[in-house]
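*Asks:* Following this message is one structure expressed as structure tokens.
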Amino acid sequence: MIGRAVLVPMMLALSGPAIAQAPLPFVLKAVGPGVYAAIDGPEHKSGSNAGFVIGDDGVLVVDAFFYPDATKALVGEIRRLTPLPIRYVVNTHYHADHTGGDQVLRDAGAVIIAHKNVRGWVRTNNINLFGDRITPEIRARIVALPLPDITTDTDLVVWLGSRKVVVKTVLGHTGGDLTIAVPDAKVLFTGDMLWRKVPPNLIDGSVKEWAATDADFAAIPGAAQTTYVPGHGDVANVTDVADFRTYLLDLKRLVTAGRKAGLKDDALATDVMPKLRALHPDWTISDRAAAAEIRYMNEELAGTKQRPVPKAD
Ligand SMILES: [Zn+2]
């Protein structure tokens with residue numbers, strides 16, 4: 001029998017030199033063979049979710065986080081899992097919480113693929129996205145964000161050797177969104193077309209189009225067996241897709257009813273917020289997020305909603 005006094009130092013010796021490793025700013029989850037979701041933690045050290053697909057001859061990354069340090073940690077995880085080159089990053093949309101680390105991926109060898117409208121919006125409309133939370137440092141980062149190398153306004157297939165990755169254009173969130181599917185693994189990266197148990201950012205959105213896209217997500221072949229990787233929140237299934245769509249429709253219904261009762265501004269928010277929370281008790285809904293989405297929903301219903309306008313190349 002080996003005594004505890006001997007065993008503990010042996011175990012320490014086996015575990016290698018005591019170099020403190022910083023915990024990852026995301027949780028890496030295998031969601032299929034060679035397909036990984038990088039899920040932002042409760043402290044939001046990454047800014048959004050991301051992921052990657054390892055094919056026969058290279059790696060395709062989905063989204064780049066907001067914080068470049070998180071992106072560097074993602075590159076480190078890819079390097080730990082495969083020696084294959086990082087060939088592509090597909091941005092699901094222009095928002096900086098998904099494009100902020102693009103330069104890190106480009107430096108690692110990736111070609112940046114995005115919707116056609118992202119080139120015109122990534123360095124300008126992200127300033128609006130931050131609103132009163134913008135700082136000189138964030139502004140400087142936004143105006144220096146890399147522009148995508150390959151843009152599309154139609155569906156694309158990217159081949160990683162024999163592995164097929166399907167990139168599709170979808171409507172509802174910004175007017176320039178892509179989803180990324182890995183058919184052989186039944187995985188769909190939805191970007192911000194899906195949020196799991198947290199309220200979506202409607203700043204650029206159309207709830208009408210968005211709910212229709214989520215209905216399509218729930219109706220894809222093999223939906224019950226599909227893993228959906230949302231833009232924010234944990235890895236999801238088709239029930240989560242339905243739950244998110246119900247949330248959007250509840251928001252629309254409650255704001256419509258408040259408007260009919262003559263409520264506006266703070267009174268509308270005060271009326272809708274507790275009803276929305278009561279319908280979705282397992283969601284984390286901050287006052288700030290709820291107030292913003294009620295305001296944006298009201299603007300959409302009033303026909304005054306501003307959405308990003310595509311710019312000429
Ligand atoms: Zn996002």
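The values are calculated or read from the model by the stated rules, or taken from the named source; none is laboratory data. These numbers were taken from a predicted model, which means no experiment stands behind them. Heads up, the Cβs are rebuilt from the backbone with ideal geometry, glycines too, and the neighbour counts pull from every protein chain shown.
*Asks:* Of T213, T174, which residue is among the hydroxyl-bearing types (S, T, Y), in a helix (DSSP H, G or I), at pLDDT 95 or above and farther than 18 Å from I112 by Cα?
*Replies:* One residue alone meets the criteria, T213.
*Asks:* Here's a follow-up. May I ask you to list the residues in the stretch 125-148 that are under 24 Å from L171 (Cα atoms) and free of Cβ contacts under 8 Å to residues at least 40 places away in the same chain?
*Replies:* N126, I127, F130, G131, L147
*Asks:* Hey, among G258, G303, G233, which residue is under 24 Å from A37 (Cα atoms), of a type outside the set (A, V, I, L, M, F, W, C) and modelled with pLDDT of 95 or more? Explain how you work it out, then say what you get.
*Replies:* Details: G258 fails: under 24 Å from A37 (Cα atoms); G303 fails: under 24 Å from A37 (Cα atoms).
Matching residue, one of G258, G303, G233: G233.
*Asks:* Suppose the filter is among the basic types (K, R), away from the ligand (no atom under 16 Å from the Cβ) and either at pLDDT 95 or above or within 13 Å of the chain's Cα centre (by Cα) (or both); does K45 pass it?
*Replies:* no
*Asks:* To continue, here is another question. Within the group T227, T270, which residue is among the polar types (S, T, N, Q), surrounded by 14 or more Cβ atoms within 10 Å (Cβ to Cβ) and touching a Leu at 6+ places or on another chain (Cβ under 9 Å)?
*Replies:* When all the criteria are applied, what remains is T227.
*Asks:* Let me ask something additional. Of everything in the stretch 92-122, what is more than 13 Å from T174 (Cα to Cα) and among the polar types (S, T, N, Q)? Give them in sequence order.
*Replies:* T99, Q103
*Asks:* Now for a separate question. Find all pairs meeting these conditions: Cβ atoms under 8 angstrom apart; at least six residues apart or on different chains; first residue within the stretch 89-112 and within 16 Å of L202 (Cα to Cα); second residue more than 11 Å from the ligand (Cβ to nearest atom) and modelled with pLDDT under 95.
*Replies:* Between residues of the stretch 89-112 that are within 16 Å of L202 (Cα to Cα) and residues that are more than 11 Å from the ligand (Cβ to nearest atom) and modelled with pLDDT under 95, the close pairs are A96/F130.
*Asks:* Assess whether N128 counts as being closer than 26 Å to A312 by Cβ and at pLDDT below 95.
*Replies:* Against the criterion (closer than 26 Å to A312 by Cβ and at pLDDT below 95), N128 qualifies.
*Asks:* Would you check if A64 is aliphatic (A, V, I, L, M) and in contact (Cβ under 8 Å) with a residue 40 or more places away in the chain? Talk me through it step by step, then tell me what you get.
*Replies:* On the way: aliphatic (A, V, I, L, M): yes; in contact (Cβ under 8 Å) with a residue 40 or more places away in the chain: yes.
Answer is yes for this residue.
*Asks:* Here's another thing I want to ask about it. For the stretch 156-163, state whether one or more residues are aromatic (F, W, Y) and free of Cβ contacts under 8 Å to residues at least 60 places away in the same chain.
*Replies:* Checking the stretch 156-163: not a single residue is aromatic (F, W, Y) and free of Cβ contacts under 8 Å to residues at least 60 places away in the same chain.
*Asks:* Within the stretch 3-42, how many residues turn out to be within 16 Å of the ligand (Cβ to nearest atom) and modelled with pLDDT of 95 or more?
*Replies:* 6
*Asks:* Looking at the stretch 282-295, can you tell me whether even one residue there is more than 30 Å from H115 (Cβ to Cβ) and touching a helix residue (DSSP H, G or I) at 6+ places or on another chain (Cβ under 8 Å)?
*Replies:* There is at least one residue in the stretch 282-295 that is more than 30 Å from H115 (Cβ to Cβ) and touching a helix residue (DSSP H, G or I) at 6+ places or on another chain (Cβ under 8 Å).
*Asks:* Can you name every one of the helices (runs of 4 or more DSSP H) wholly within the stretch 220-313 that holds 2 or more residues which are among the hydroxyl-bearing types (S, T, Y)?
*Replies:* On the way: elements: 238-260, 265-279, 287-302.
Passing ranges, in order: 238-260.
*Asks:* While we're on this one: Does A211 qualify as being under 27 Å from L160 (Cα atoms), of a type in the set (A, V, I, L, M, F, W, C) and surrounded by fewer than 20 Cβ atoms within 10 Å (Cβ to Cβ)? Outline the logic, then answer.
*Replies:* Details: under 27 Å from L160 (Cα atoms): no; of a type in the set (A, V, I, L, M, F, W, C): yes; surrounded by fewer than 20 Cβ atoms within 10 Å (Cβ to Cβ): yes.
Considered against the rule, which asks whether it is under 27 Å from L160 (Cα atoms), of a type in the set (A, V, I, L, M, F, W, C) and surrounded by fewer than 20 Cβ atoms within 10 Å (Cβ to Cβ), A211 comes out as no.
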